[in-house]
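So the structure is just underneath, and the comments pick up after that.
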Amino acid sequence: MTDNCQSKVVGFPLFDKVTLLDFIGATQIFSDAGFKSVWLAPEMRPYQTTEETVEATGETLKEQSIYINPHFTFCAPERPKIDILFCPGGMAGSYDESSGKGCGYIHAMFDKTYQDFVTHVAKKEADCYGSVCTGAFVLAAAGLLDGYTATTYWSLIEELCRFP
């Protein structure tokens, strides 16, 4: 581990119905490599994660939630510069255009505040950006995957191909 890694900040933009493993697992990996991770969100409030236990038949046996507090809001003046933007995935959720309300990665794809933040950080702050699972849709909606080869959750690959 170099001193250079220790000064790098990885930013994880959160949304309701984010998959716990997608950002906690990645937070641990980046932390083990010497990076500092920060969780960011549009508002300073608890964000609902979701985890499902699914039987081989596809039947949901159990769904549980944990609430996570972000370290900073997207526009907090004390927010550190983000060197690596990492978009976690989550449940599909929904987005209501008239109210701007919703949850899940679909909300993150269409919410102006969320998309403005992701685009700004990727283009003006971060040295690089990436995602895990359905987080690829958040980057794709911002046009950040245009011209690149990307992957996502196996059953959604054809859906991701709709983006250039």
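Read-outs throughout are calculated quantities, based only on the coordinates presented, and are distinct from any laboratory measurement. Note that this is a predicted model, so its numbers are computed, not measured. Cβ placement follows ideal geometry from the backbone for every residue including glycine, while neighbour counts extend to all protein chains displayed.
Annotations for the structure displayed:
- Between Lys101, Lys81, Lys36, the Gaussian network model of the chain with springs among Cα atoms under 10 angstrom shows the greatest mean-square fluctuation at Lys101.
- Rounded to the nearest 0.05, the FRET efficiency derived from the C-beta distance between Asp116 and Ile66 at R0 = 30 Å is 0.65.
- For Asp127, neighbours were defined as the other residues whose beta-carbon sits under 12 Å from its Cβ, and their charges (Lys and Arg +1, Asp and Glu -1) total +2.
- Burial ordering of Trp154, Trp39, fewest other beta-carbon atoms within 10 Å first: Trp154, Trp39
- Total formal charge among the other residues, if their Cβ is under 14 angstrom from that of Phe117, Lys/Arg +1 and Asp/Glu -1: +1
- Put in line by how crowded their Cβ is, counting other Cβ atoms within 10 Å and starting with the fewest, Val18, Val118 read Val118, Val18.
- Separation of alpha-carbon centers, the stretch 81-107 and the stretch 108-147, rounded to whole Å: 10
- In terms of packing, defined here as the mean over residues of other Cβ atoms within 10 angstrom, the peptides 135-142, 44-51 line up highest first as 135-142, 44-51.
- DSSP bridge orientation in the chain - percent antiparallel, rounded to nearest 5: 40
- Tilt relative to the chain, helix 20-32 - C-alpha long axis, 0 to 90 degrees, to 10: 30
- Hits among lysines - C-alpha to C-alpha of Lys17 under 17 Å, sequence gap 8 or more where chains match: Lys62, Lys101
- With contacts taken as Cα pairs under 8 Å and at least 6 residues apart, the chain reaches a relative contact order of 21 percent.
- Percent RCO, i.e. relative contact order, over the stretch 90-164, from Cα pairs under 8 Å lying at least 6 residues apart: 23
- Along its three principal directions, the equivalent ellipsoid of the chain from the Cα gyration tensor extends over semi-axes of 24, 19, 17 Å, largest first.
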